[in-house]
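Novice: Here it is: the structure, laid out below.
The values are calculated or read from the model by the stated rules, or taken from the named source; none is laboratory data. No experiment lies behind these values; they were computed from the predicted model shown. Here the Cβ positions follow ideal geometry from the backbone for every residue, glycine too, while neighbour counts run over all protein chains shown.
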Amino acid sequence: MPLIEMQGLTKIYRAGAIDVPALEQIDLSIESGEFLSIMGPSGSGKSTLMNILGCLDVPTAGTYYLAGDDVSQLDRDQRAEVRNKKIGFVFQGFNLLPRINAVKNVELPLIYGGVKTVPRREAAMAALSLVGLSDRGDHLPSQLSGGQQQRVAIARALVNDPEIILADEPTGNLDTRTSNEIMMVFRRLNRDRSITFVLVTHDPEVGDVTDRRILIRDGRIEGDERRTGDEY
């Protein structure tokens, strides 16, 4: 069974008396352990698709199964529970709280999940170790480079042992060298821990690193490309 299965997924926004389609009849299947990108220009619908993939929004029509569960019409609280248990997020802007240190930022999903202090701290430090920052746990975000801040954000996404990590323009605020380092962190975690990664981006260089590229335009999937061979 695929980790993600979408059929006939449609999202329509209402602007006054006008219906504005953002997604139209999306059929998409993603297997556990895939490393893929969703690419498209601004306004193509890729951000709307990411929001639905991440249970931040629901479709107007169609179905979305995540790990065998129909999540397409869950209410706000039910979606929040799914996000906390099954999905990790990495954003372009890092989204770290500036007044708490790295390990406490990583602990946040576990706090929301009601995990007690000692196991919470242990899990956060283990996640920081996975991204090479075990010696930076007591640093504030302002004391870290952009690349290190993004690694903290990745550790936060990992700490709940999610089924999938969604990364929205994860290298958009980074220079080329640091972007490459972050992509290699993603690749290593995908390989070593079999974590499913979906990277939402307009950057072809990011798309070129992934094993599969979903191309979206005008709310429809217009291409599904798989790379042959492996250069990493």
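Novice: Does at least one position in region 209-223 carry a residue that is assigned to a helix (DSSP H, G or I) and farther than 22 Å from Tyr65 by Cβ? Give the derivation first.
Specialist: Pass one, region 209-223, residues assigned to a helix (DSSP H, G or I): 209.
Restricting the remaining residues to those that are farther than 22 Å from Tyr65 by Cβ gives 209.
Yes, there is a match, as at least one residue in region 209-223 is assigned to a helix (DSSP H, G or I) and farther than 22 Å from Tyr65 by Cβ.
Novice: Quick one: count up the residues across region 134-162 that are surrounded by 17 or more Cβ atoms within 10 Å (Cβ to Cβ) and among the charged types (D, E, K, R).
Specialist: Residues that pass the stated criteria total 3.
Novice: Out of the residues in region 185-232 meeting the condition of being at pLDDT 90 or above and polar (S, T, N, Q), tell me which one is nearest to Met39 (Cα to Cα).
Specialist: Result: Thr201.
Novice: Follow-up. Return the pair list, or none, for Cβ contacts closer than 7 Å from residues in region 48-65 that are within 12 Å of Glu24 (Cα to Cα) to residues that are assigned to a helix (DSSP H, G or I), at least 6 apart or on different chains.
Specialist: What qualifies is Pro59/Ile52.
Novice: Quick one: which strands (runs of 3 or more DSSP E) lie wholly within region 1-116 and hold at least 2 residues that are more than 27 Å from Gln149 (Cα to Cα) and of a type in the set (A, V, I, L, M, F, W, C)?
Specialist: Working: elements: 4-15, 18-30, 35-39, 61-66, 87-91.
Result: 4-15, 18-30, 61-66.
Novice: Taking Glu107 as meeting all but one of (1) more than 22 Å from Ala167 (Cα to Cα); (2) of a type in the set (Asp, Glu); (3) modelled with pLDDT of 95 or more, write down the number of the exception.
Specialist: It is condition (1) that Glu107 fails.
Novice: Here is a list: Arg83, Arg151. Which entry is closer than 28 Å to Ile4 by Cβ, without any contact (Cβ under 8 Å) to a residue 40 or more places away in the chain and under 13 Å from the mean Cα position of the chain (by Cα)?
Specialist: Step by step, each of Arg83, Arg151 is checked, and only Arg83 is closer than 28 Å to Ile4 by Cβ, without any contact (Cβ under 8 Å) to a residue 40 or more places away in the chain and under 13 Å from the mean Cα position of the chain (by Cα).
Novice: For the structure I just gave you, tell me whether Val115 is modelled with pLDDT under 95, of a type in the set (A, V, I, L, M) and over 19 Å from Asn180 (Cα atoms). Break it down into steps so the answer makes sense when it comes.
Specialist: Values: modelled with pLDDT under 95: yes; of a type in the set (A, V, I, L, M): yes; over 19 Å from Asn180 (Cα atoms): yes.
So Val115 passes the test.
Novice: Follow-up. May I ask you to verify whether Arg226 is more than 30 Å from Leu144 (Cβ to Cβ), surrounded by fewer than 21 Cβ atoms within 10 Å (Cβ to Cβ) and over 16 Å from the mean Cα position of the chain (by Cα)?
Specialist: yes
Novice: Filter region 25-71 for residues that are touching a His at 6+ places or on another chain (Cβ under 9 Å), of a type in the set (S, T, N, Q) and surrounded by fewer than 20 Cβ atoms within 10 Å (Cβ to Cβ) and give the result.
Specialist: So the first thing to find is which residues in region 25-71 are touching a His at 6+ places or on another chain (Cβ under 9 Å), and the list is 39-42, 44, 46.
Among the residues that remain, those that are also of a type in the set (S, T, N, Q) are: 42, 44.
Selection gives Ser42 alone.
Novice: Give all pairs with beta carbons closer than 7 Å in which a residue from region 120-132 that is over 16 Å from Gln150 (Cβ atoms) meets a residue that is hydroxyl-bearing (Ser, Thr, Tyr); count only pairs at least 6 apart in sequence or on separate chains.
Specialist: Listed pairs, sorted by first residue: Met125/Ser134.
Novice: I'm trying to understand the selection: among the residues of region 135-184, which are closer than 16 Å to Ser37 by Cα, touching a helix residue (DSSP H, G or I) at 6+ places or on another chain (Cβ under 6 Å) and part of a helix (DSSP H, G or I)?
Specialist: Ile182, Met183
Novice: Criterion first (surrounded by fewer than 19 Cβ atoms within 10 Å (Cβ to Cβ), over 23 Å from the mean Cα position of the chain (by Cα) and not charged (D, E, K, R)) does Ser129 satisfy it?
Specialist: For Ser129, the condition - surrounded by fewer than 19 Cβ atoms within 10 Å (Cβ to Cβ), over 23 Å from the mean Cα position of the chain (by Cα) and not charged (D, E, K, R) - is not met.
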